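What follows is one structure encoded as structure tokens, with my remarks underneath.
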Amino acid sequence: MEVFNLTSSDPSTFILMGIPGLEPAHVWISIPFTMFYVISLLGNVMLLFVVGKEQTLHKPMYLLLCMLALVEIGTSTSIVPKALCIFWFNFKGITVSGCLTQMFFLHAGTMMHSAVLVTMAFDRYIAICNPLRYATILTNARIAKLGLVGLIRSVLFILPMPLLLSRQPFCANRIIPHTYCNHMAVAKMSCGDITVNRIYGLVTAFVVMGLDLMLIALSYSLILRSVLRISSKKAYQKALNTCTAHLIVMLISYPTGLLSTLTYRLGEGIAPHVHIILANLYLLIPPMINPIVYGVKNKELRDKVGKYTFKMCSH
């Protein structure tokens, strides 16, 4: 295995340590990592395939699900293959440019994920509070434009992070105690003043994500107010059911993300391996669970997935 090692004396590389303190268990830890990743890929690729093939699913809600699936595939793929190289082959080296590139795609993907969830909340608000105008307000073209705005926002906010770090002098000790190149983990490798990096990262995390959470909370408070006014029990249950999957996905995504951010920046007394495991679970659990949640809660999608699954099995 030593042939795969890269030493920290190489000035063009960082060393990703994986999960410090749990090195003997790396192979065992790789098992759930691989399972989560494979289930996530299968679920999200199946969702993309079914929506792409079925003309009846070419609607704003399913277009948003496809955006979410693409973002989740991209985000998890930006970290898992490298983590598995560390766990299986002890291949810990990563170039500085490779590290900064991974950081950009990771954080841009996380922010894009949040933007899609905001758009989903808006979609549900229009569907329940203004159903007669839904088809005219939320067309496929408009959803695509909102997705493009979310992508541009992610690039504009995240691009300064690797650019600022690329100008920093890095110390001789380039060992990063993590499975991937997290912004603050890389910033701490610098010998220079990282105050700007620290503040920018914190402001981006809490202002942008905070704004997204406020918009989601506003959408669902208006939805709740509208639902409580519905007199028909059947219509009331239907309105609640259309929101359940979205709420579950948001409750999985945001709390784990905020917990990971807070423990990494403020939880000085927490063991490093706990930080790292939490950070990885935040990027692995939602992509695995989200397709399952939507497949179970959405009858139309569930039926189509069942149809194609049966076809593949019969062949």
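The values are calculated or read from the model by the stated rules, or taken from the named source; none is laboratory data. Note that the structure is predicted; figures quoted are calculated from it, not measured. Counting neighbours? That spans all protein chains shown, and the Cβs are built from the backbone with ideal geometry, glycine included. Ligands, DNA and RNA are excluded from the accessible area calculation, which covers all protein heavy atoms including side chains. Shrake-Rupley method; radii C 1.70, N 1.55, O 1.52, S 1.80 Å.
What the table shows:
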| item | result |
| --- | --- |
| Selection count, the range 147-166, where residues are over 30 Å from Met189 (Cβ atoms) and either surrounded by 17 or more Cβ atoms within 10 Å (Cβ to Cβ) or touching a Leu at 6+ places or on another chain (Cβ under 7 Å) (or both) | 2 |
| Residue in the range 61-72 that is assigned to a helix (DSSP H, G or I) and either among the basic types (Lys, Arg) or out of contact with any helix residue (DSSP H, G or I) (no Cβ under 8 Å at 6 or more places or on another chain) (or both) present | no |
| Residue satisfying condition, being of a type outside the set (Ser, Thr, Tyr), out of contact with any helix residue (DSSP H, G or I) (no Cβ under 6 Å at 6 or more places or on another chain) and open to solvent by less than 20 Å² (accessible area, probe 1.4 Å), within set Ala185, Ala144 | Ala185 |
| Filter result (open to solvent by 80 Å² or more (accessible area, probe 1.4 Å) and either within 19 Å of Glu72 (Cβ to Cβ) or at pLDDT 80 or above (or both)) within the range 288-312 | Ile292, Val296, Lys297, Arg302 |
| Selection status of Asn280, over 30 Å from Leu22 (Cβ atoms) and either open to solvent by 50 Å² or more (accessible area, probe 1.4 Å) or modelled with pLDDT of 75 or more (or both) | no |
| Selection count where residues are small (Gly, Ala, Ser) and in a loop (DSSP other than H, G, I, E, B), scope the range 74-131 | 1 |
| Whichever residue in the range 293-315 is out of contact with any helix residue (DSSP H, G or I) (no Cβ under 6 Å at 6 or more places or on another chain) and of a type in the set (Val, Ile, Thr) and, among such residues, is nearest to Ser253 (Cα to Cα) | Val296 |
| Top-ranked residue in the range 119-141 [being buried (at least 20 other Cβ atoms within 10 Å of the Cβ) and β-branched (Val, Ile, Thr); ranked as farthest from Lys59 (Cα to Cα)] | Ile128 |
| Criterion: modelled with pLDDT of 75 or more and exposed (fewer than 15 other Cβ atoms within 10 Å of the Cβ) - qualifying residue of Leu262, Leu228, Leu247 | Leu228 |
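A quick yes/no check of all residues on (1) modelled with pLDDT of 85 or more; (2) open to solvent by 50 Å² or more (accessible area, probe 1.4 Å):
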| residue | (1), (2) |
| --- | --- |
| Gly192 | yes, no |
| Arg198 | yes, yes |
| Gly201 | yes, no |
| Phe206 | no, yes |
| Leu218 | yes, yes |
| Ser221 | yes, yes |
